[in-house]
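Written below as structure tokens is the structure these notes are about.
The values are calculated or read from the model by the stated rules, or taken from the named source; none is laboratory data. None of the values given here were measured: they were computed from a predicted structure. For neighbour counting, all protein chains shown are included, and Cβ atoms are generated from backbone atoms with ideal geometry for every residue, glycine included. What goes into the accessible areas is simple: the full protein's heavy atoms, side chains included, and nothing from ligands, DNA or RNA. Shrake-Rupley method; radii C 1.70, N 1.55, O 1.52, S 1.80 Å.
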Amino acid sequence: MKTQHLFCFLAAFAILFTACKKNDEQQIQKETLSGYAQKGPLVIGSSVTIAELNASYQQTGKTYHASISNNLGSFELNNIELASQYIELKADGYYFNEVSGQTSGGTLTLYALADIENVNSVNVNVLTHLEKPRIEYLTKQQGVSFAAAKRQAQQEILAIFGFTPQESSSEMLNLTSDAKLLAISCILQGQLSTGDMVELMAQISADIRQNGKLNNIAIGSKLMNNAVSINLSLSEIRVNLTKKYAELGISVTIPDFENYIKTFINSELYPQTIAINYPKTGLHGDNILSDEVTEISPTKIYSMRAEVPVGLSLTVMLKNGLWFYDAMSPINWMITTYDDNTRSQRFTIMESGKISDLSFLPSGKSEYITIEYYENEAVTPTKIKTLNVK
């Protein structure tokens with residue numbers, strides 16, 4: 001009889017234990033989990049996957065799937081039941097390129113790690129994507145708590161761009177309200193193709209994974225070059241975003257991302273390696289804009305050539321002399337009429353990233369010609385050179 005009572009007790013205990021275990025495994029229940037997938041916004045039809053993570057931050061194999069429902073990048077998943085509060089969010093698709101104002105030419109994948117115990121909304125963006133490998137290293141390799149790892153990784157990434165720490169976690173940020181997120185999104189994009197931008201983000205994540213610092217100066221230079229390449233088109237980026245959201249029936253006030261981009265450029269955290277080039281020769285002969293050319297002859301034809309990378313600009317002012325150019329030769333130069341009073345003429349590159357050249361002939365009536373260079377919309381000359389005419 002005692003054996004039978006003991007058996008009944010053990011059976012009842014086993015049932016109770018099983019019931020408790022089942023409740024523990026289903027401790028996170030969400031009727032709705034929504035958010036935004038943004039680089040710019042991922043376009044309608046892009047895929048979103050949520051993967052359950054266990055207490056060791058490993059995938060359990062349990063996933064939920066959804067699609068972006070509109071061109072705002074919105075997604076929604078219903079009736080979520082998870083045994084853990086931690087998830088990995090993956091979004092994949094084409095996106096609106098805020099720099100070009102067009103849908104991207106290729107797809108990209110963005111990730112986010114999040115604790116959804118007390119939230120019903122979570123976003124995926126470039127910050128969540130960059131910080132993911134660092135969070136995984138801190139939690140799995142160094143035993144840092146998830147919340148602390150999230151804070152640390154975000155601060156370290158913001159520091160790469162010279163930005164101060166953010167109060168909200170990365171997955172709570174939105175492009176239309178957070179200036180730092182939008183600035184970083186623009187800097188990562190620059191004038192790059194989708195593929196090149198994806199490679200750049202992968203390089204950053206890999207470099208900062210173990211110590212949270214961007215040690216590779218070449219990667220930093222890519223970021224600086226990107227920022228410089230869009231510095232003259234920040235107003236266009238604002239117009240692109242405002243127009244995009246207006247087309248979707250939404251009036252937004254784009255945050256002041258421009259100042260953050262300028263702050264990054266002025267920080268000089270990394271060397272700028274993108275610059276306007278004045279080669280020694282052009283299509284018609286020696287290039288009068290080259291530093292190597294300081295003396296010219298009225299009996300010889302020259303080139304006026306500049307190689308201006310995409311996103312940069314150049315205006316050249318010739319003064320204090322007389323000269324001629326072949327009216328059929330200018331390539332990518334916009335030229336004003338020669339001013340007899342000031343003895344000057346302005347030459348401006350029409351489109352960056354394209355060849356520019358013309359056939360130039362100095363007059364024998366000139367003893368010298370002054371060249372003023374106005375690079376990247378400078379209001380005062382970035383450099384001045386004198387050409388002796390002999």
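Key figures
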| read-out | value |
| --- | --- |
| √(5λ) per eigenvalue of the Cα gyration tensor, region 123-246, largest first, Å | 25, 17, 11 |
| In order through region 60-68: 3J(HN,Hα) via Karplus (6.51 cos²θ - 1.76 cosθ + 1.60), integer Hz, x for Gly, Pro | 8, x, 8, 9, 10, 10, 8, 10, 5 |
| Of all accessible heavy-atom area on the chain, the percent that carbon and sulfur account for (1.4 Å) | 50 percent |
| Kirkwood-based shape ratio for region 263-318, expressed as Rg/Rh from alpha carbons | 1.12 |
| Cα-only Debye scattering, region 238-390: base-10 log of I(q)/I(0) at q = 0.16, 0.17, 0.21 Å⁻¹ | -0.89, -0.96, -1.34 |
| Pairs of Cα atoms farther than 22 Å apart, region 15-162, % | 45 percent |
| With Cα atoms, 0 to 90° folded angle of helix 217-230 axis to the chain main axis | 70 degrees |
| Neighbour net charge for residue 56 - beta-carbon separation under 14 angstrom, K R +1, D E -1 | -2 |
| Backbone HN-Hα couplings from phi across region 283-293 [Karplus 6.51/-1.76/1.60, Hz, Gly and Pro as x] | 6, 10, x, 4, 8, 5, 7, 5, 4, 7, 9 |
| Region 60-99 shape via C-alpha gyration tensor axes, a/c threshold 1.5 | prolate |
| Average accessible surface area per residue within the chain, 1.4 Å rolling probe, Å² | 48 Å² |
| In sequence order, calculated HN-Hα J values of region 135-144 (Karplus, 6.51, -1.76, 1.60; Hz; x Gly/Pro) | 4, 4, 5, 5, 6, 7, 9, 10, x, 6 |
| Which label in (1) 55, 49, 43; (2) 126, 44, 31; (3) 87, 54, 40 gives the computed Cα extents along the principal axes in Å | (2) |
| For q = 0.14, 0.18 Å⁻¹, Debye-computed log10 I/I(0) when each Cα of region 346-390 counts as one equal scatterer | -0.47, -0.73 |
| Nearest-ten-degree value, helix 257-267 long axis tilted from longest Cα axis of the chain | 70 degrees |
